[in-house]
Amino acid sequence: MISINFRDGRPIYEQVRDGFRQLILTGALSADERLPSVRELAAQLAINPNTIQRAYRELEAEGYICSVPGRGSFVCPRDRAAQARKAELLGRFRALAAELRLLGASEEELTAALKGGDTHES
């Protein structure tokens, strides 16, 4: 399900979060599917339960999973997760575009980059 790469420069909780995010967005985990408990996954991956709890907390804040007290964590409907991720990425995109504008990037350069074209000026 989820694997950890200890040579990866990212923190373990980010690897767990990103792994579940990918499984949810690709449909490998379906809506209403129960995720392993924090203790189960921590034991399976041989990592601290607090690490799993942090990943789950972030996934819930992003709208990917829903926690039901006493029952566990479940995958939220895919549309909700996709909308949450889209909103997050659009926010990051706006911040990057604003920084590029401060660095002198033209609207044409930004549009070309968005369309996947070459943005280098001759």
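The values are calculated or read from the model by the stated rules, or taken from the named source; none is laboratory data. None of the values given here were measured: they were computed from a predicted structure. Virtual Cβ from ideal backbone geometry, glycine too; neighbours counted across all protein chains shown.
Quick rundown of the values:
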| read-out | value |
| --- | --- |
| So Arg94, is it modelled with pLDDT of 90 or more, among the basic types (Lys, Arg) and not assigned by TED's automatic domain parsing to the domain that holds Arg21 | yes |
| Any hit, region 69-78, residues being among the hydroxyl-bearing types (Ser, Thr, Tyr), touching a helix residue (DSSP H, G or I) at 6+ places or on another chain (Cβ under 6 Å) and at pLDDT 90 or above | yes |
| Any chance Leu35 is closer than 22 Å to Arg10 by Cβ, under 18 Å from the mean Cα position of the chain (by Cα) and among the hydrophobic types (A, V, I, L, M, F, W, C) | yes |
